[in-house]
Each structure stands twice: as C-alpha cells, then as structure tokens.
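*Asks:* Sharing a structure below in structure tokens format, with a few things to ask.
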Amino acid sequence: MADSNVDRAVERSAAPAAVAIALDAVADTHPWLRDRLGTDPELLHTLVAVTAASRHLARLLATDPGALGVLADLDQAVDVGGTTVADLAASKQRELLRIAARDLAGLDTLEAVGANLARLADGVMATAWRLSGEGAAGLAVIGMGKLGGRELNYASDIDVLFVGEGDARPVMEAARSCFRVDADLRPEGRSGPLVRSLDSYAAYWDRWASTWEFQALLKARPVAGDVDLGARFMASSAERVWGRPFGADELREVRAMKARAQEYLARRGLLDREVKRGRGGIRDVEFAVQLLQLVHGRRDPALRSPTTLTALRDLAEAGYVDPADAGALADAYRFLRTVEHRLQLVEGQQVHAVPTGPAARGHLARVMGDRDDAGQTALARFDAELRRHQATVRPIHERLFFRPLLEAFTGASAMTPEAVETRLAAFGFTDAERTRLALAELTRGLTRSSRLMQQMLALLLGWLSESPDPDLGLLGLRTLVTGPHRSGQLVAAFRESPEAARRLCLLLGTSRLLMAGFEHHPELIPALGSDEAMAPRDRDQLCDMARFSLAWRGDPAERRSGLHRLRRSEFTRIAARDVLGLAELEGTAAELTALAESVLESTLATVEPGVPFAVVAMGRFGGAELSYASDLDVLLVYEGSTAEHFAAAEHAASELLRFVNGATPAERIFAVDAGLRPEGRDGPLARSLEGYRTYHRRWARTWERQALLRARVVAGDAEVGRRFLELVDEVLWGRPVTDEEMREIRRMKARIERERIPPGDDPQFHLKQGRGSLSDIEWTAQLLQLRAGVAATGTTSALRRLEEAGVIDPVDVTVLSEAYRFCEQVRNRWFLVKGAPGDALPAQADQLAKLARSCNTTAAALRDEYRRVTRRARRVVERLFYDRDGTTGSGGG
C-alpha cells in the first residue's frame, strides 16, 4: 500500500513483514480498504495490531467478507447465535475478532477481556442448547474453570457440567463448532455419565468426591439451559463446598495436586518457561487464592468469588493477604495472563510456554509492547520483566500456599479469633490457644540464640503443617529448645542445613518415640540433612560401636546403660530413615535385625559363658524381618554333657536375658523371649546340642518343627551354631511331612483365626491376624516350604524360593508379597505414630487420619487399600493353604 501513514504504521508494528502481507491480502478482498486506511487512523491502528499479533485472525480478515466490518466499529458487539451451527461458528469468530482487536488496541483491561470471552462462550452454549431442541429442555449447563470464573483465554477449553435430564451430546456437538468443549470434570470423569440429575450429583459429592472436585466447584456458574435447575445446582454445590470441613487431609490433597503438576513440567523441562503451571506462574497465584478461599470462605461468604483477581482483592480487603503482596500478585497475574493471551492469539492454539527461539520470543516481546532502543532490546526487556514477575510470585505463593500461619500466632494481622482457629485447623493444629503458647515459648527459645530463627519460624510452621500431627511436632520443637545448650545445637543445625530442619519437623510431627530419641540424642539432628550421613549401618559396624561403647565401662549397670543408649540412638536413626523414605521395608527390617544381633553379641561378651554357647534367632528375628514391635524370639544352645556344663550354660542364659530385658521396662534394651524352647517356660533356658537332638526325635510337636524353618544363628560360638543348624536340617528335611501333620497345621491356623484377635481390635482391619494379612501369608509360605522341601528363613525370601522351585505361580507370589509388605509397612508406621504396638488399623477417626497422613494417603484410601490387598491375598491363601477354590469365606479381609 503506497501511503506514508500506512507505511509508518506497518514499520512500527510488532511484525512489519507479516503485517504488510496481511494488509495486501485483506485489501484484495476489500479493494476500498487501500483508500480508507490513509484517512482512518483508528482502523489502521487496529488492523495493524491484529495482523501483527495473530496469523489466524489475519487469515479470517482475508477470507471472511464480514470480518473487516467488525474492526470498523469495535463498540458494537456481534450478535452470537443464528439458526444453524454454521451461523453460530461464523458469528463466534467475528466476536472473538472484535474482543481481540479491543484488547490489542489497548481499549480493554485483562479483566474485561476475560469477561468478554466468557460472555462469548456463554452465548455459544446458550445457542447450542437452543439449537438442540426439546432433547435438551431438561438440562442446565454449568460453566467450570476459567469459563465459570469469567477469565477465559483466547484458546481455552470450555469446561462444563450437565445437570438434569436429556441428551447433552447435541449441545456438545454444536458448541464444538466454536470451542473445544470438555466435560471431564464431571463425577468419575470420562467413565461417568455425561448427564446426571441434581440428586445424583449431591449423592456423589456426599460419598465419593475428592478435595480437588470441591476446589473445582469454586468456579462453578450456570451458563445456559434451565435457569431454575442451574440455580438449584449452585445452591446444592455451595452447601457441599462451604459446609464440609477443610482440614489437614484436604490441604495435603491440594498441595499434592499442585506438586504433581510441577513435577510433570520439570520432567519436560518447562518449569521456567510455562507461564501457566511453571514456577512463579499463573497457577501459583490461582492455587494460593483458592486455598485461602477454601480455608476462610466457610466463615466469610464475601471471599467466594470465582474470579481470581476479584477473590484476591477480597482477601486483601478482609486482611487475609497483605495488601502489598496482593498488589504484587495482581500485577504479575495480569502480565502473565496477557503473555498467555498473546501466545494463543498467534495461531489460536492452546499455548502456555514462552518459545525458546529468539525470533519467536522477540515477536512476543514486541506484541507485548516492548521495542528496541539504545539501551536495551525488546527481547531483553521482556525477558527481564517475565523473570521479575515470576520471582515475585513464587515467594508470595509459598507464604500463602505453604506457610500462611505465622500471622495467626503473632497477632500481626487483623484476623479474628474465629479466623485464626479456622486457619490453624486447616493446617492440622487443633488447639489455637495451646499452639499460640507453644509458639511463643519456641520463639523465645530459638531467638535467644539466633535472630535467623525468627525468619525461619514461618518455614518451620509450614513444615510442621505437612506432618501427620502438627501439634505434636510443635511440642517436640519446643521440647528440643529447652535449655541453652540444646537450643544452640538446634539453631546451629538449622543454620547449616534447612533440609535437616524440614526433616526434623516431619519426624517430630510423626512420632513421640522419635521426639524422645532426638531429645536424648540431639547429635543426630545435623545428620538429618544428608542422605550419606543417614546411610544404614551393618552388623559389623554396630558391633564395633557396641565394643567401643562397652570398652571403658566396667560396671554391669553402666555397660547395660551404654548398650541401651546405642540401641535408642540407632532405633531413632532407623525409624527416621523409614519415615523419610530413605529405606524400603526390607531395609528397615534388616537394620533392626542387625541392631538386635549386635546387642546380643555384645551382651554375650559381657556375660562370658563358661561353655561353648550360641544364640539361635527364631520367628521374625530368625527371618531377619523384625518390625519395631517385635520381641526377639531365641533358643539358647550349648556344647556340654555334665552338670557343671549345664549350670554354666543356665547361668549364662539367665544373665543374658536379665541384662537385655532389664529389671524394668525403662531399663529394657530389647524384649528377649525364650518361650519357644522345648517344654516352653517349664524347661531349662539353655539346652545342649544332644538335649535338642533327643527332644526333637522323641517329643517335638508339629508346630515346633514348623518353627525351626526360621532358625538362624545370630551370636556366640560359631561351631555350636553350625552343629545346631545341622540338627535343624535333620529335623526339617530328614523325613517328609505327613498328611496328618498338614491337617494339624491347618487346624492350628484355623484355631488362631478364631481365638487370637484381641477384643479391642477390629478383625475387619487387622494387620497381623486378619484374613489375607501377615499371619495368613506367613503360614501359607511355611506350609508350602515343609511340603515341598524349600529352605528359607524369611517370609518374603521363602515366597521367592517357592516361586523359583515352581511351587507357587508368580502371580500368586506377587499378590501375597504385596499384601505382606502393605500390612507390615502400615503396622510399622502405626507403631511409630501410636508410640506403642498396634496390630489393627485404629478405629478412632483422628488416629486413623494421622496414620494415613504418615503413609501419604487418606483414611478412606488406607482402608480401601487394606481391603484390596488382603481380599486378593485371602483368595490365594484359601487355595494354597486350605486347598479350597478361593471363593469360600474369602470376603471381608
């Protein structure tokens, strides 16, 4: 176009070459345009802005004869509708062009653009509903996501739900001529029905809905269809969103969903490029706002706006967000959303990542309004502004989303006592006044040593809120800072390693046993920050540590105290590794077993038996599968035949048990039990090799033969141990198991099932004796070992050996192993959370919730997983152990 005004406008545009080509193409369709642009600066400005930013809108202007007329009068909205789907699609495109033109010409704010796009989508859905005729008459269309929030993007999906009766497919089909319509937010997603009645939605919300589904309902808004039904949907959903509790479990679900999205982006290398889900991006703002809405909106209806910027303003006005933080977030949100809009306008595609190529990114910078000058290029200016906004959003997001607690304690905000209690309850702190007092004491204890700790308090509270029991964790921190020496140790550790501080908060909020461990062994705290420092110790290392501990102690009481301290310190390390995810179940069992073996070996050195003497581990100890609650089942064996030999061995056995068991529970190092010996508690503590041989040849019962499957020498004289295991092999494999012995094992197991679950434990969720749980799997493995002649001391190792021998199908081994590991892991964790042995899932809701949080799940999911794995395992047990078909009595595990 040969006009100086046009030429200057093209040259100053964000993409001069592309604009020149586009103007020529549009002028070919509208010959009068060449003269008009020279005398109509507003039309020229608008047309240049649109064609510089958007290739797909430039094509629309060149191909749709009515499109250019839209730009001539940007104040006149296009009537979206018509009598056919084609009319609807054409009018949608023209109104989208008008909205984009007003946006690019600087006539509308970001909020107005989002609202205009949502209004356009509303019109499309209303027309689609109308064109669908009588089949859609009983339907209401509910807008969700950015549509519901009136903050739509240019290339957004239209998230909808359908409520009522009728066929929604024609509505979807008509609307999809204009937008990508997504109904996957409905109950059960793509697996669920497309349309549900209001009663069906209510029933689903009351029984099955996840926290993220209630979070999604924050944005719900009727957009088309039956007006009355839409209003009733909103009333019913609001009752569920704001009437249900929002506590620590729900908070964890929201955080976990956010974390999963970021992990996905990190794997794809988009964490810093994506303006939507990336670090310091749009979702950081939205999730922080929605979290505060979910926490405080139950008491304050003024905080329930579905629009992010409106809700952020309301939160600031109500004192829940610092006004400066709210202003910074709003500015960043507007910038990031505008970047997102400009990315999507190029080709009308759903794009959220800033391009990596300098040419494409430079074009984006110019469309955003930046230009090269003598001081800086447009691209450099854009990159700097993007980084600045992302860097601003991230720390505020973390304060709001992860650590919005400190103001509740310090009184620095204008929050009411009710609002304080609501916030603390959402983060797992159950007693606001007690928590406030504990924090005050903690603050005094920490800040006496370091002002740095005042800055860390918000971090500590956030980390505590992520633990199973934040109140317990806060109590533990307060306990650890009692006394200037311990406080200084703690502050030094935290200063050197924030990771040690984070891990300590999780551990203290998990278990009183861990709290006591760190209270007695504060030297363990610095090691928490390093996986290498927390590496497991083997038996030889532990024996060396025990010998060093005992070397300078002469008095037996002091020697017991030294081993007790070693045991408590190592137990704390082992449990910490478990809770922190640094050890698998088998690793934890092996570490506990090595610790027990080192204690017994060191005790024998202290006792100094007067005869060759060995300790044989039985039960779980023999299988190297100790749990936190396990006793040490042992047999004590010696070499000798005289009365003097017997007296010496019996004295050594008695001293060993007295030393390790202690005179009181407080002095106990381990609970050692010799009850599996011949004649039980009526027989001598120690027996000679010949005595064992004679007993097993003449009087041993089937269960005693079965118990020897787990026999393993763990301390004492190696030759005595070797000869005892030869005897064990003779007893186990010297003759085949008879049919009567097999029946006896089954009868004994059935009797245990009937009699051994304590009255206070729930048999439906018993981790040890329940159907399909630990006992079932252990007995099945042992019976098959005896029948097939397969030697192995541990349950999981026995299952592997049985599979290798072709005795058990690999699928059955997988089922049994999964159930065994689940039950054992949960039983271990329940011991730590409860602070005492526990063999069944707790019946009390608060205790079950703490246990579930420690297992990184919810109470309902934990019980469901128990049912799933134990029912599958019980079917295998019925078939392999009882020789049944697996259907009789297999339910209810």
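*Asks:* May I ask you to list the residues in region 140-193 that are on the phi > 0 side of the Ramachandran plot and modelled with pLDDT of 95 or more?
*Replies:* Gly145, Arg150, Gly164
*Asks:* What is the residue count in region 54-72 for residues that are closer than 13 Å to Glu95 by Cβ and out of contact with any Leu (no Cβ under 9 Å at 6 or more places or on another chain)?
*Replies:* Matching residues across region 54-72 total 2.
*Asks:* State which residue is most open to solvent (accessible area, probe 1.4 Å) when the search covers only region 215-254 and only residues that are of a type in the set (Lys, Arg) and assigned to a helix (DSSP H, G or I).
*Replies:* Arg232
*Asks:* Continuing with this model, one more query. Considering Ala89, Ala53, which residue is touching a Ser or Thr at 6+ places or on another chain (Cβ under 7 Å) and not β-branched (Val, Ile, Thr)?
*Replies:* Checking each option against the conditions leaves just Ala89.
*Asks:* Okay, next question. How many residues does region 804-816 hold that are over 22 Å from Ala589 (Cα atoms) and either free of Cβ contacts under 8 Å to residues at least 60 places away in the same chain or surrounded by fewer than 22 Cβ atoms within 10 Å (Cβ to Cβ) (or both)?
*Replies:* Matching residues across region 804-816 total 8.
*Asks:* Can you report the number of residues in region 510-535 which are farther than 16 Å from Leu490 by Cα, of a type outside the set (A, V, I, L, M, F, W, C) and crowded, with 17+ Cβ neighbours inside 10 Å?
*Replies:* Total satisfying the criteria: 3.
*Asks:* Let me ask something additional. Being part of a helix (DSSP H, G or I), open to solvent by less than 40 Å² (accessible area, probe 1.4 Å), at pLDDT below 95 and touching a helix residue (DSSP H, G or I) at 6+ places or on another chain (Cβ under 6 Å) narrows it down to one residue among Leu563, Leu604; which is it?
*Replies:* Of the residues listed, the single one that is part of a helix (DSSP H, G or I), open to solvent by less than 40 Å² (accessible area, probe 1.4 Å), at pLDDT below 95 and touching a helix residue (DSSP H, G or I) at 6+ places or on another chain (Cβ under 6 Å) is Leu563.
Okay, residues lined up against (1) over 27 Å from Arg872 (Cβ atoms); (2) over 41 Å from the mean Cα position of the chain (by Cα); (3) polar (S, T, N, Q):
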position: Glu726; (1), (2), (3): yes, yes, no
position: Gly734; (1), (2), (3): yes, yes, no
position: Thr738; (1), (2), (3): yes, yes, yes
position: Glu741; (1), (2), (3): yes, yes, no
position: Arg747; (1), (2), (3): no, yes, no
position: Glu753; (1), (2), (3): no, no, no
position: Pro763; (1), (2), (3): no, no, no
position: Gly772; (1), (2), (3): no, no, no
position: Ile777; (1), (2), (3): no, no, no
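*Asks:* Let me ask something else. Please state which one of Asp24, Asp35 is at pLDDT below 90 and either among the charged types (D, E, K, R) or farther than 23 Å from Ala359 by Cα (or both).
*Replies:* Exactly one of Asp24, Asp35 is at pLDDT below 90 and either among the charged types (D, E, K, R) or farther than 23 Å from Ala359 by Cα (or both), namely Asp35.
*Asks:* Follow-up. Suppose we filter Arg872, Arg853 for residues that are basic (Lys, Arg) and at pLDDT 95 or above; which single one remains?
*Replies:* It is Arg872.
*Asks:* Which residues, counting only those in region 665-710, are surrounded by 18 or more Cβ atoms within 10 Å (Cβ to Cβ), of a type in the set (Gly, Ala, Ser) and under 24 Å from Leu784 (Cα atoms)?
*Replies:* Once the filter is applied, which keeps residues that are surrounded by 18 or more Cβ atoms within 10 Å (Cβ to Cβ), of a type in the set (Gly, Ala, Ser) and under 24 Å from Leu784 (Cα atoms), region 665-710 yields only Ala707.
*Asks:* Residues in region 62-74: is at least one acidic (Asp, Glu) and either touching a residue at least 40 places away in the same chain (Cβ under 8 Å) or open to solvent by 30 Å² or more (accessible area, probe 1.4 Å) (or both)?
*Replies:* yes
*Asks:* Could you look through region 96-132, keep only residues that are within 17 Å of Asp73 (Cα to Cα) and not in a helix (DSSP H, G or I), and pick out the one that is most open to solvent (accessible area, probe 1.4 Å)?
*Replies:* This residue is Leu107.
*Asks:* Considering only region 693-703, how many residues are touching a residue at least 24 places away in the same chain (Cβ under 8 Å) and closer than 16 Å to Val637 by Cα?
*Replies:* Final tally of qualifying residues: 2.
*Asks:* Same structure, new question: Wholly within region 349-425, which helices (runs of 4 or more DSSP H) include no fewer than the required count, namely at least 2 residues that are open to solvent by 40 Å² or more (accessible area, probe 1.4 Å) and modelled with pLDDT under 85?
*Replies:* Passing ranges, in order: 378-401, 406-410.
*Asks:* Is it true that Ala557 is within 30 Å of Ser467 (Cβ to Cβ) and either hydrophobic (A, V, I, L, M, F, W, C) or in contact with a Lys or Arg (Cβ under 6 Å, 6 or more places away or on another chain) (or both)?
*Replies:* no
*Asks:* While we're on this one: For region 154-173, how many residues meet the condition of being within 21 Å of Gly348 (Cα to Cα) and touching a Gly at 6+ places or on another chain (Cβ under 8 Å)?
*Replies:* Total meeting the criteria: 7.
*Asks:* So which helices (runs of 4 or more DSSP H) stay within region 1-74 end to end and still have 2 or more residues that are within 54 Å of the chain's Cα centre (by Cα)?
*Replies:* So the answer is 4-11, 16-29, 41-53, 55-63, 67-72.
*Asks:* Does region 309-324 include one or more residues that are part of a loop (DSSP other than H, G, I, E, B), open to solvent by 30 Å² or more (accessible area, probe 1.4 Å) and hydrophobic (A, V, I, L, M, F, W, C)?
*Replies:* yes
*Asks:* Any residue at all in region 255-269 that is among the aliphatic types (A, V, I, L, M), crowded, with 19+ Cβ neighbours inside 10 Å and modelled with pLDDT under 95?
*Replies:* yes
*Asks:* Residues that are farther than 30 Å from Leu97 by Cβ: find the helices (runs of 4 or more DSSP H) completely inside region 133-212 holding 3 or more of those.
*Replies:* Answer list for region 133-212: 198-207.
*Asks:* I need every pair where a residue in region 330-353 that is polar (S, T, N, Q) has its Cβ under 9 Å from the Cβ of a residue that is in a helix (DSSP H, G or I), sequence separation at least 6 or different chains.
*Replies:* Thr338/Asp103; Thr338/Leu110; Thr338/Val113; Gln349/His56; Gln349/Leu343; Gln350/Gln344
The values are calculated or read from the model by the stated rules, or taken from the named source; none is laboratory data. These numbers come from a predicted model, not from an experiment. Methodologically, a virtual Cβ is constructed for each residue, glycine included, from the backbone with ideal geometry; neighbour enumeration extends over all protein chains shown. In case anyone asks, the SASA skips ligands and DNA or RNA and just uses the protein heavy atoms, side chains included. Shrake-Rupley method; radii C 1.70, N 1.55, O 1.52, S 1.80 Å.
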